[in-house]
Amino acid sequence: MSKTAYIDTKTLTRGDKSVTVQLYARNGAIGVTEVRDGELEFIELRRVRTNRIADKGAFRWYNDYALPESHGGGTVSVRLHGDKSDRARRLNRTENVRPIPPGDPDFQRLFRIRNDAESINRGIEDSLYIGRAHSVGSKRQLLNLLGYALMVNGIATLHHRRRLEQPPTDLAA
């Protein structure tokens, strides 16, 4: 059985009335609960968008979710980072809420490239002297990253061409 965690209670205004929605997380997805056939059922909400809001020079990430009509319809915004209230109730929000959970339509497309992205990131980190950037400033660091990408692609192209030039070895002989 999957772990379900209470995340937040939101009070939303829908027309001339207020609707209170309790949000839960299961397997990284945000959802609501409804009683169906005498059983409490978790209903995963559809992610509408992921956005960030500037706050005192830092950025805070949020997901907007479509609510079912039984909960007032419209959308609800959920923050993806923890805060003081989460720490007070010992909720690790980043452990329970994923920006793009496994049930999301974008998950498979993004998850396929995750290992490549992590491998490239590891290669970049390994090239840093004592873990420090090679340059100062975002434009210079971007130039370094582009140069690194060109170098990696050049080496991969060289190896590919060399492999094409070599005749296959006959293992049966």
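The values are calculated or read from the model by the stated rules, or taken from the named source; none is laboratory data. Nothing here was measured: the structure is a model prediction, and the numbers come from that model. Counting neighbours? That spans all protein chains shown, and the Cβs are built from the backbone with ideal geometry, glycine included.
Observations, loosely collected:
- Residue under evaluation L23, criteria (1) surrounded by 16 or more Cβ atoms within 10 Å (Cβ to Cβ); (2) modelled with pLDDT under 90, criterion not met: (2)
- Within the option set S135, S70, S77, S85, being over 27 Å from E44 (Cα atoms) and small (G, A, S) holds for one residue only, S135.
- Taking first residues from the stretch 133-158 that are more than 13 Å from I120 (Cα to Cα) and partners that are outside any helix (DSSP H, G or I) and hydroxyl-bearing (S, T, Y), the Cβ contacts under 6 Å between residues at least 6 apart in sequence or on separate chains come to Q141/S135; N144/S135.
- Residue check, R79 touching a strand residue (DSSP E or B) at 6+ places or on another chain (Cβ under 6 Å), surrounded by fewer than 17 Cβ atoms within 10 Å (Cβ to Cβ) and either in the same structural domain as A149 (by TED's automatic domain parsing) or of a type in the set (K, R) (or both): yes
- Top-ranked residue of the stretch 6-20 - restricted to ones that are modelled with pLDDT under 90 and among the basic types (K, R), ranked as surrounded by the most Cβ atoms within 10 Å (Cβ to Cβ): R14
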